[in-house]
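Right, one structure below, let's go through it.
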Amino acid sequence: MIQIDQLSFGYTKKKPLFEQINLLLPSGNIYGLLGKNGAGKSTLIKMIAGLLYPTHGQIEVAGMQPKDRYPEFLQEIYLVAEEFHLPSIRIDRFVRMYSPFYPRFDHERFAGYLSEFKLAGDQKLSALSYGQKKKFLLSFGLATDCKLLILDEPTNGLDIPSKSQFRKVVANAIHEDRTFIISTHQVRDMENLIDPIIILDEGQVVFFQDYVSVAEKLTFTRQSDAPDEKGLIYSESNFGGHIVVRERGSEEESHLNLELLFNAVVSSQDKIRAIFQN
């Protein structure tokens with residue numbers, strides 16, 4: 001679905017953000033794109049969407065070059081940005097105006113998403129809260145049935161029940177011909193939803209693994225005593241104890257702690273790389 005070859009990009013010539021990134025993302029998955037502030041998550045998804053152009057290398061999405069911005073490409077991609085502007089019109093008018101750009105737009109599913117999020121078609125977009133606007137954009141994006149849906153910090157502004165609804169509708173909307181990319185800092189909101197996991201750090205893809213591989217290689221545990229160094233990858237103090245990431249030996253499979261995995265990857269890249277290369 002998405003192929004990135006030798007991608008380089010920088011906002012200035014002296015300091016490139018990305019240097020020779022390679023990435024292959026088959027369809028049918030909900031990819032989690034994680035990274036610290038300034039790691040390049042938003043820049044990368046803008047290049048995938050054709051809003052920024054690589055300095056070197058190329059990106060292909062469904063066999064097309066995003067930078068060309070052909071109609072055939074645009075009808076297969078929908079981006080819900082972290083910051084957005086919506087016109088001061090009603091939801092039903094917005095749908096009448098913009099749904100024809102997406103040939104597989106499903107009005108019945110869109111109505112179902114609105115009902116799930118407790119929105120009505122006669123509501124004016126400018127009167128919605130930030131969280132309600134996010135729900136509307138997500139509903140519209142899912143209803144397009146486009147091949148690539150990109151969500152940048154989608155759970156910002158959502159309350160706890162809405163985050164649960166978000167996970168449910170997104171999980172139910174993926175199929176083998178679609179690809180979702182979710183860029184987020186809110187990793188706890190994404191546990192059991194995103195798979196595989198992509199982590200960016202200092203202009204490089206430092207981690208790209210699915211849940212099965214992580215479960216086979218790592219364990220995540222909590223213990224009261226300070227951890228010893230045997231097999232230790234990362235630990236942090238937590239409420240009078242320690243939460244620990246170790247290389248898995250004969251231990252039983254543990255629950256994946258996505259936030260802990262991210263911290264372990266960023267702080268102990270050499271150890272993580274060595275484990276997953278074996």
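The values are calculated or read from the model by the stated rules, or taken from the named source; none is laboratory data. The structure presented is a predicted model; accordingly, all values stated were derived computationally and were not measured. Neighbour counts run over all protein chains shown; Cβ positions are idealised from the backbone, glycine included.
The selection criterion, being free of Cβ contacts under 8 Å to residues at least 60 places away in the same chain and within 21 Å of the chain's Cα centre (by Cα), does not hold for residue 278.
The residue that is surrounded by the fewest Cβ atoms within 10 Å (Cβ to Cβ), counting only those in region 225-263 that are touching a residue at least 40 places away in the same chain (Cβ under 8 Å) and of a type in the set (A, V, I, L, M), is 256. Pairs linking a residue in region 193-206 that is closer than 13 Å to residue 276 by Cβ and in contact (Cβ under 8 Å) with a residue 12 or more places away in the chain to a residue that is crowded, with 21+ Cβ neighbours inside 10 Å and of a type in the set (Gly, Ala, Ser), with Cβ atoms under 8 Å and 6 or more positions apart or on different chains, are 196/32; 197/32; 199/35.
State yes or no: is residue 253 out of contact with any Asp or Glu (no Cβ under 9 Å at 6 or more places or on another chain), outside the structural domain of residue 22 (by TED's automatic domain parsing), among the charged types (D, E, K, R) and more than 23 Å from residue 22 (Cβ to Cβ)?
Against the criterion (out of contact with any Asp or Glu (no Cβ under 9 Å at 6 or more places or on another chain), outside the structural domain of residue 22 (by TED's automatic domain parsing), among the charged types (D, E, K, R) and more than 23 Å from residue 22 (Cβ to Cβ)), residue 253 does not qualify.
The residues of region 5-25 that are part of a loop (DSSP other than H, G, I, E, B) and either under 21 Å from the mean Cα position of the chain (by Cα) or within 14 Å of residue 201 (Cα to Cα) (or both), listed by number, are 16, 17.
Here is a yes/no grid of residues against (1) hydrophobic (A, V, I, L, M, F, W, C); (2) under 16 Å from residue 179 (Cα atoms); (3) without any contact (Cβ under 8 Å) to a residue 12 or more places away in the chain:
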| residue | (1), (2), (3) |
| --- | --- |
| 55 | no, no, no |
| 60 | no, yes, no |
| 68 | no, no, no |
| 72 | no, no, yes |
| 86 | yes, no, no |
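Please specify each residue of region 107-162 satisfying the condition of being in a loop (DSSP other than H, G, I, E, B) and under 18 Å from residue 74 (Cα atoms). The answer is 144, 145, 146, 147. Candidates in region 143-163 are the residues that are touching a Phe, Trp or Tyr at 6+ places or on another chain (Cβ under 9 Å) and of a type in the set (Val, Ile, Thr); of these, the one that is surrounded by the most Cβ atoms within 10 Å (Cβ to Cβ) is 150. Filtering 132, 186 for residues that are assigned by TED's automatic domain parsing to the domain that holds residue 42, closer than 21 Å to residue 257 by Cα and without any contact (Cβ under 8 Å) to a residue 40 or more places away in the chain leaves a single hit, 186.
The C-beta contact set for region 136-153 (first residue assigned by TED's automatic domain parsing to the domain that holds residue 32 and farther than 14 Å from residue 30 by Cα, second residue among the basic types (Lys, Arg) and at pLDDT 95 or above, distance under 6 angstrom, 6+ apart or interchain) comprises 143/109; 145/104.
Take residue 8 and decide whether it is touching a His at 6+ places or on another chain (Cβ under 6 Å) and at pLDDT 90 or above. Answer is yes for this residue.
For (1) within 30 Å of residue 71 (Cβ to Cβ); (2) at pLDDT below 95; (3) touching a Leu at 6+ places or on another chain (Cβ under 9 Å), each residue gets a yes or a no:
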position	(1), (2), (3)
149	yes, no, yes
157	no, yes, no
164	no, yes, no
167	no, yes, yes
178	yes, no, yes
188	no, yes, yes
202	no, yes, no
227	no, yes, no
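Of the residues making up region 71-97, those that are at pLDDT 95 or above, surrounded by 13 or more Cβ atoms within 10 Å (Cβ to Cβ) and either more than 20 Å from residue 135 (Cα to Cα) or not β-branched (Val, Ile, Thr) (or both) are 73, 74, 75, 76, 78, 79, 90, 92, 93, 94. Within the option set 208, 220, being surrounded by fewer than 18 Cβ atoms within 10 Å (Cβ to Cβ) and among the aromatic types (Phe, Trp, Tyr) holds for one residue only, 208.
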